[in-house]
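S.K.: I have a structure here, written as structure tokens, and I will follow up with some questions on it.
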Amino acid sequence: MKYLVVVEKTSTGFSAYSPDLPGCVAAAATREQLEAEMAAAISFHIDGLRTEGMTVPQPQSASVYLDVPT
């Protein structure tokens, strides 16, 4: 499954979260590290949901960039 991941630049690197997986977050010094950490976090999160007998949310979030005149 493909989940939307929101990536944010921070003062020390990068952080990320997935709107479809509340509580699933990651942080790292580089974008490449962040993507690897977030992929691992999503897998871990989904495994935990399944272990607890909970429903794994289907990806529903989307993103769009809007060109807004300033």
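Each value in this text was obtained by applying a stated rule to the coordinates, not by laboratory testing. This structure is a prediction, so every number in the text was calculated from the model and none was measured.
S.K.: Tell me, in nm to one decimal, what length is gained between MET54 and ALA29 on full extension, where the rule is 0.36 nm per residue of separation less the Cα-Cα distance? List each step's numbers first, then the result.
M.R.: Numbers: separation 25, 0.36 × 25 = 9.00 nm, distance 3.22 nm.
Full extension of this stretch gives 5.8 nm more.
S.K.: Mind pulling the per residue volume of the convex hull built on the Cα atoms of the chain? Å³ is fine.
M.R.: 108 Å³
S.K.: Could you work out how far helix 31-51 tilts from the main Cα principal axis of the chain, as a 0 to 90 degree angle to the nearest 10?
M.R.: 30 degrees
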